[in-house]
Amino acid sequence: MTEPTDTGRFDLITMGRIGVDIYPLQTGVSLADVETFGKFLGGSATNVAVAAARQGRRTAVISRTGADPFGTYIHNALRDFGVDDRWVTPVAQYPTPVTFCEIFPPDDFPLYFYRRPKAPDLVIRPEELDQDAIRAARVFWITGTGLCEEPSRSATLAALEARGKSGTTVFDLDWRPMFWGGRGGASGDGGETGPQAMANARPYYEAALAHATVAVGNVDEAEVATGLRDPKACAQALLDMGVELAVIKQGPKGVLAVHRDGRTAEVPPTPVEVINGLGAGDSFGGALVHGLLSGWELEPMMRYANAAGAIVAARLACSSAMPTATEVEAFLAER
C-alpha cells in the first residue's frame, strides 16, 4: 500500500460503521405492513464520507464488511460515490450488517439494527491501520460507535494516538445505547438502562476527546461525554476536555457552535417538509468537513451544514440523497 503524498493525501478519512440500509418505499407504514423496500449504502461514518465527496472532497473510509454479496454491493456503491474503499476489508465469519427503518414523518424514524453476532466494522484491528495515511489526512473522523467493542475500540484509540492532533480530528459523538448494552436514548428520556450505558461509555469518550480537535453531536450525545444536558454547558465542558470546537445540534432549536478562542455561533434550523430525518446529521457532518477545510467562519459554516442536513431530511434515502455544493448554495439562495 502506497503512502499518500502531500499532493495525494485525503481531505477526509472516516473510520466506523458501514452497512446496507433497507428503507421502506412507503411512509407512515410499519415494517409489518411495508411491501417494498429500497437498498442503500449506510453507516454513519460512511455517509459522512459520501457527503463530503459530494462536496468535491477526496475521501476514504476505514471499515469492514462481511465476505458476502452485500459486501460486494458496498464496494461498488463506495466507488460510485467517489469514496476510496482500499481500507474496507472483508471479515469471513460475520455477515455485512443491515439496518431497517420505519418512516413516520416528521420526527419518528425507528431504526432496527441487524449487527449480530458481531458487526464486521467492530473487527477493525490496530495492527491493520495505515497510520501514515491517518496522520496525513487533512481531516480524520471517528465515531462513538467505534468505541463500543473490541478490537474496534483499541483500533480507534490507536488511530487517534497516531494522529496526535495533526490537522483536524473530529469526534462524532454518535450515541447508540443498544451498542453499549442499554435501552433509552438519554437520561432525559427516562430510559431504563440508558444512563448506565452512558456511564459505561463515558471513560472511552473522554479518552477519545483528549485527541480530538472538534466534537459534534446532539444534546443526548453530548450528555454521554459530559454528563450535562444544557447545550451551552455541554459545549463548554467539551472545550474543557480538550477540543477546539464544540458543535451541539439542537434539532428544532438549531445548532450551537463554540470555539476555544471565544467565537460563538447559534444558527436556527432550516425549515423543510421532512420525509426521512435519518441522514440529515451525516449530511451536516460532510458539509461541516467542507466548511472546516474551506476555512469558513462559524456562522456561515453552520448555516451551510444546516442547509445540507435539511436537504437530506426532505429526501427518502441517506447516502444517495447527499447534496452537492451547487445544490446547497441554490437551497440557501432561495431562503
Subset of region 270-295, residues part of a loop (DSSP other than H, G, I, E, B) and under 19 Å from the mean Cα position of the chain (by Cα), comes to N276
Say whether the condition of being small (G, A, S) and in a helix (DSSP H, G or I) is met by at least one residue in region 252-267.
no
Evaluate the following for R315: is it surrounded by fewer than 24 Cβ atoms within 10 Å (Cβ to Cβ), at pLDDT 95 or above, under 20 Å from the mean Cα position of the chain (by Cα) and farther than 23 Å from T226 by Cα?
no
Among the numbered criteria (1) surrounded by fewer than 22 Cβ atoms within 10 Å (Cβ to Cβ); (2) within 29 Å of V20 (Cβ to Cβ); (3) of a type outside the set (S, T, N, Q), which one does E299 miss?
(2)
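In the set E244, E299, which member is within 29 Å of A208 (Cα to Cα) and touching a Ser or Thr at 6+ places or on another chain (Cβ under 7 Å)?
Numbers: E299 fails: touching a Ser or Thr at 6+ places or on another chain (Cβ under 7 Å).
Exactly one residue qualifies, and that residue is E244.
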Set A207, A201: member being part of a helix (DSSP H, G or I) and buried (at least 20 other Cβ atoms within 10 Å of the Cβ)
A201
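The values are calculated or read from the model by the stated rules, or taken from the named source; none is laboratory data. Since the structure is predicted, the reported quantities are computational estimates derived from the model, not experimental observations. For neighbour counting, all protein chains shown are included, and Cβ atoms are generated from backbone atoms with ideal geometry for every residue, glycine included.
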